[in-house]
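Everything below concerns the one structure shown next.
The values are calculated or read from the model by the stated rules, or taken from the named source; none is laboratory data. Remember, predicted model here, so these are calculated numbers, not experimental data. Cβ coordinates were reconstructed from backbone atoms using ideal geometry, including for glycine residues, and neighbour counts include every protein chain displayed. Note: areas computed on protein heavy atoms with side chains; ligands, DNA, RNA excluded. Shrake-Rupley method; radii C 1.70, N 1.55, O 1.52, S 1.80 Å.
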Amino acid sequence: MLRYVTTNPGKVLEARARLPAVEQLDFDYPEIQSPDLGPIAAAGARAAYRHVNAPVLVDDAGLFVAGFDGFPGPYSSFVETTVGVEAVSRLCARELDEMDASFRCVLGYCDGTDLDAPHGESGENDTHAPRVDDDDGNSLPVVLFEGVVDGQIVSPRGSGGFGYDPIFEVAGATYAEMSPGDKNDHSHRGQALDAFADWHDGRS
Ligand code: IMP
């Protein structure tokens, strides 16, 4: 069984549309501070694996607004719970000429085995996170899968989804105007889930 580690049931709906066998692990792992999602997902995967001692897939995502040099990016959750997504849309409309933004998702997989993840520093575009020793000196490799989708910030539209879905438009519709399956066909998470599924199927 594969545990999808998130406190967000909306993410689980989307994960199940691609990976029907996943179970939600409602575990709020401590998030490290980093300008990149990769190291955050890798640290979360290690923490979650240590928590359950079973294979885990951690999902870390963020909205990167081009005209704000990628803000809120890894701070997307903090910004959603403080100012809210409608205020982000209004701020972009007021301050920016271009409403370009990208949504990113990084999945981190850890099962406690040697996953051919190299030693070294992790960067934003790594497909493998470096090994990190746990307290007993054991190494915990993590494999990362990233999805990135370019879109536009718009005024809120639609009633589905969660988070920034109503203000992020791709191919003429906001994520909140799409079903979870349709959103996967267009989304950062759908890309990352497909990359993980290809890799995982190739191992068995
Ligand atoms: P996290 O990955 O759970 O840390 O999410 C970071 C922030 O992005 C939170 O505010 C989420 O609500 C939001 N978020 C994550 N994924 C999505 C998505 O697919 N659509 C809209 N908002 C998202």
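Could you give the Stokes-Einstein D for region 39-105 in µm² per second, using the C-alpha Kirkwood radius, 4 °C, 1.567 mPa s? Please report the intermediate quantities before stating the final value.
Working: Rh = 13.4 Å.
Here the translational diffusion coefficient equals 97 µm²/s.
Rank Leu37, Cys105, Ser159 by how far each Cα sits towards the positive end of the charge dipole of region 2-203 (+1 on Lys, Arg Cβ; -1 on Asp, Glu Cβ) and give me just the farthest. The Cα lying farthest towards the positive end belongs to Ser159. Segment Arg157..Tyr75, full-extension length gain: 27.2 nm, with 0.36 nm per residue of separation and the alpha-carbon distance subtracted. Each of Ser179, Ser159, Ser89 has its accessible area taken with a 1.4 Å probe; listed largest first, they run Ser159, Ser179, Ser89. Angle of helix 9-18 to the longest C-alpha principal axis of the chain, folded into 0 to 90 degrees and rounded to 10: 70°. For the chain, the longest principal axis of the C-alpha atoms and the axis of helix 85-95 are separated by about 60°. Ordering Lys11, Lys183 by accessible surface, largest first, gives Lys11, Lys183; the 1.4 Å probe counts only protein heavy atoms, with every chain in place.
Cα convex hull of region 1-68: how many Å³ per residue?
Details: hull volume 6.5 nm³, N = 68.
Each residue corresponds to 95 Å³ of Cα convex hull volume.
Expressed as a fraction of 2.2 N^0.38 Å, the C-alpha radius of gyration for the chain is 1.01. Compute the acute angle (0 to 90°) between the alpha-carbon long axis of helix 37-52 and the principal axis of greatest extent of the alpha-carbon atoms of the chain; round to the nearest 10°. Orientation of helix 37-52: about 50 degrees from the principal axis.
Solvent-accessible area of the chain (1.4 angstrom probe, protein heavy atoms only): carbon and sulfur portion equals 47 percent.
Rolling a 1.4 Å probe across all protein chains gives Ile32 an accessible area of roughly 70 Å².
With bins 10 Å wide beginning at 0, the percent of Cα pairs of region 145-203 falling in each bin runs 25, 48, 19, 7, 0.
Ranked by accessible surface with a 1.4 Å probe, highest first, in what order do Val79, Val52 come?
Per-residue accessible area, sorted high to low, gives Val52, Val79.
Measuring only protein heavy atoms, the 1.4 Å probe finds Glu95 accessible over about 110 Å².
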